[in-house]
1. Considering only DSSP beta bridges where both residues belong to the chain, give the percentage that are antiparallel (nearest 5).
2. Excluding residues fewer than 8 places away in the same chain, name every one of the aspartates and glutamates whose C-alpha is closer than 12 Å to that of LYS71.
3. Given contacts defined as C-alpha pairs under 8 Å and at least six residues apart, what's the relative contact order of the chain, whole-number percent?
4. Which are the unpartnered cysteines of the chain, meaning those with no other cysteine Cβ under 4.7 Å from their Cβ?
5. At what distance in nm do the modelled label points of HIS53 and ASP208 sit from each other, each positioned 7 Å from its Cα along Cα→Cβ?
6. Can you tell me the relative contact order of segment 9-117? Whole percent, Cα pairs under 8 Å, sequence separation 6 or more.
7. I'd like the distance separating the alpha-carbon centroids of segment 55-82 and segment 123-196, in whole Å.
8. Quick one: if the Förster radius is 35 Å, what FRET efficiency do GLU225 and ASN82 give, using the C-beta to C-beta distance and rounding to 0.05?
Amino acid sequence: MSSLPVRNQRAVIESAAVKALSELTVTVNRSLGGGLRLLTLKVPSEDASVLEHVHAGRFVMLRCDEAEPFKFRRPFSFASVNAQAGTFDIYYKVVGDQTRKLADIAPGTHLSGVLPLGSGFTIPPPDTPAILIGGGVGVAPLLLLATELVAAGRPRPRLLFGGRTSTDLTLEYVSGFPVEVHPATDDGSHGFHGNVVELAALEGVAKDVYVYACGPVPMLKSLVEMLPQAVSIEASLEEVMACGIGACYGCAVRTDGLGAESMRLVCRDGPVFDLRQIRLEE
Ligand SMILES: Cc1cc2nc3c(=O)[nH]c(=O)nc-3n(C[C@H](O)[C@H](O)[C@H](O)COP(=O)(O)OP(=O)(O)OC[C@H]3O[C@@H](n4cnc5c(N)ncnc54)[C@H](O)[C@@H]3O)c2cc1C
Ligand code: FES
């Protein structure tokens, strides 16, 4: 890993499209049920142009509690963006210390963040169907992707959306996006009884399809095995990140290549990858 080129941390933050903003104003922070929440952040008007560079699959490194400046920022995907209002939304799940702190933040509070980071999903060629496959909170970047696909003149994509139980699905929230939702729950409490990969197999996925996915590693592994006929399987990977800008090498994953050449940093080279080129490790 040490032979990877050293990145200049300042250069990443100061690159034209990426901004470190200290005054992102929380305008909404509400529960959607099941430990899932919606956070809306308003960008200062003088920095609103940063939103032009927000695309599905890119992410923000957000400080969840300004009272704890020494805690690492946390990565979150953009679930939607409203350039006119100067806002973006994060769909997040309370899982640990920092997301618990985030859930307690009141509207009007300022948070700091670095955005937009990473690469986004590609848009498939015209006439190539797209199918979105999301596990739990992994649906977040796929919601923005659906919005972008429809804005690019493509039909509303199918979203195979899986959770352990019905409260993981937040269907009311998801219904606000241009997707045809096909739900699946492990316990059968809503939609297909089983996981989302089994649902994909049951529904059949045409061989010329572009698959876009985000979710837990076991789900992504099964997808690769079950959809060998897909033209492309792009996935947003959710590695634990410390810096988010290619400086700490904490988010390295391996491709099928050899030696140092095979290493990729999820924050810098991803988080969106061609899933069939990545060695997924649980
Ligand atoms: C590119 C990217 C986009 C993301 N987008 C979203 C999003 O839109 N919404 C959302 O809710 N979460 C998202 N995540 C995950 C989110 O960053 C973590 O849930 C968050 O950092 C947890 O912080 P915490 O302090 O609450 O939990 P911690 O106390 O740090 O960890 C609690 C538990 O969550 C696990 N965990 C921590 N970080 C991750 C991670 N990155 N992936 C998987 N498990 C993790 C830990 O191993 C531990 O078991 C994204 C992650 C990445 C890398
Ligand atoms: S999180 Fe530091 S290099 Fe990716």
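1. Details: 37 of 60 bridges.
Antiparallel bridges: around 60 percent, rounded to the nearest 5.
2. Straight-line reach from LYS71, under 12 Å: ASP97.
3. Values: 636 pairs, mean separation 51.2, N = 282.
After rounding, I find 18 percent.
4. Lone cysteines by the Cβ rule: CYS64, CYS214, CYS251, CYS267.
5. With each label placed 7 Å out from Cα toward Cβ, I get 3.6 nm.
6. Working: 225 pairs, mean separation 42.2, N = 109.
Once divided by the residue count of segment 9-117, the mean separation gives 39 percent.
7. 22
8. According to the calculation, E is roughly 0.35.
Values quoted throughout were computed directly from the atomic coordinates according to the rules given, and no laboratory measurement underlies them. Remember, it's a predicted structure, so these values are computed and weren't measured experimentally. Here the Cβ is made from the backbone with ideal geometry for all residues, glycine too, and neighbour counts use every protein chain on show.
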